[in-house]
1. Would you confirm, using the coordinates I've provided, whether ILE19 is part of a helix (DSSP H, G or I), over 28 Å from TRP175 (Cα atoms), of a type in the set (A, V, I, L, M) and at pLDDT 90 or above?
2. Given (1) modelled with pLDDT under 90; (2) basic (Lys, Arg); (3) part of a helix (DSSP H, G or I), where does ARG147 come up short, assuming only one miss?
3. So PHE8 fits all but one of (1) at pLDDT 70 or above; (2) among the aromatic types (Phe, Trp, Tyr); (3) more than 25 Å from PHE114 (Cβ to Cβ); what number is the exception?
4. Any residue in the stretch 100-114 that is aliphatic (A, V, I, L, M), closer than 16 Å to LEU167 by Cβ and surrounded by 14 or more Cβ atoms within 10 Å (Cβ to Cβ)?
5. Scan the stretch 80-95 residue by residue and report those that are within 19 Å of VAL27 (Cβ to Cβ) and modelled with pLDDT of 95 or more.
6. Return the residues of the stretch 134-161 that are surrounded by fewer than 19 Cβ atoms within 10 Å (Cβ to Cβ), free of Cβ contacts under 8 Å to residues at least 24 places away in the same chain and of a type outside the set (D, E, K, R); say none if nothing qualifies.
7. Just to check your reading of the model, which residue among VAL158, VAL138, VAL129 is within 17 Å of the chain's Cα centre (by Cα), β-branched (Val, Ile, Thr), in a helix (DSSP H, G or I) and more than 29 Å from ASN62 (Cβ to Cβ)?
8. Being surrounded by 15 or more Cβ atoms within 10 Å (Cβ to Cβ) and without any contact (Cβ under 8 Å) to a residue 60 or more places away in the chain is the filter here; which residues of the stretch 20-39 pass it?
Amino acid sequence: MVRFLKMFLESKSDLKRRIFVIIIFFVVATVVTFSGTIATNVDIHEAQRVKEELEGEFQRMNDPRFILGNNLVHTLVMFTPVIGPVWGCFVLFNTGRIIALFSIAEGIPSILTFVLLLFSPILWLEFSVYSTAMAQSVMLLLHLVRRSGGREAIRTCVVIALCTIVLLISAFVEWFIINA
């Protein structure tokens, strides 16, 4: 870990630094979501009640446009320096809690559900976007402190466009899986 940190700080390659920060945020996103999954401790009756309430909402949200819009709004907040990573962790922790509630309601261990989600393309697509957004918020903050924020703002716009494309693909994959 110390070696990677030293490489990050001494690296002359901005791309290497960015990739390193994205990987760190991907790990953080996964750990935070897992924490939300294991931190949720409700009985099966409460979980079933919450699941029934949320299922009505999920039926209404079963549209690729809604899925894209919801994920994009959260992602755009994650691009905000300082606030973005905090918001991202909040959203991902609550995602873990929803995973746990649905698992408990179905009588499935929530850890098992989380592990199975690790094999889902949705998790990889969305977490890649979220970790990229949070990493870019850090890079933007660093460049603003160094007074080179103008160029970084342009990069941020390009990254937002790329993340939107990935979220669009993810929304259709999620919609397809939900309806399959």
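1. Details: part of a helix (DSSP H, G or I): yes; over 28 Å from TRP175 (Cα atoms): yes; of a type in the set (A, V, I, L, M): yes; at pLDDT 90 or above: yes.
In short, yes.
2. Of (1) modelled with pLDDT under 90; (2) basic (Lys, Arg); (3) part of a helix (DSSP H, G or I), only one is false for ARG147: (3).
3. The number of the failed condition is (1).
4. Taking the stretch 100-114 as the starting set, the residues that turn out to be aliphatic (A, V, I, L, M) are 100-101, 104-105, 108, 111-112.
Then keep just the ones that are closer than 16 Å to LEU167 by Cβ; that gives none.
Checking the stretch 100-114: not a single residue is aliphatic (A, V, I, L, M), closer than 16 Å to LEU167 by Cβ and surrounded by 14 or more Cβ atoms within 10 Å (Cβ to Cβ).
5. Of everything in the stretch 80-95, those that are within 19 Å of VAL27 (Cβ to Cβ) and modelled with pLDDT of 95 or more turn out to be GLY84, PRO85, VAL86, TRP87, GLY88, CYS89, PHE90, VAL91, LEU92, PHE93.
6. LEU142, VAL145, SER148, GLY149, GLY150, ALA153, ILE154, CYS157, VAL158, ALA161
7. Details: VAL158 fails: within 17 Å of the chain's Cα centre (by Cα); VAL129 fails: more than 29 Å from ASN62 (Cβ to Cβ).
The match here is VAL138.
8. PHE20
The values are calculated or read from the model by the stated rules, or taken from the named source; none is laboratory data. Because the structure is predicted, anything quoted here is derived from the model rather than measured. When we count neighbours, we look across all protein chains shown, and the Cβ atoms used for this are built from the backbone with ideal geometry, even at glycine.
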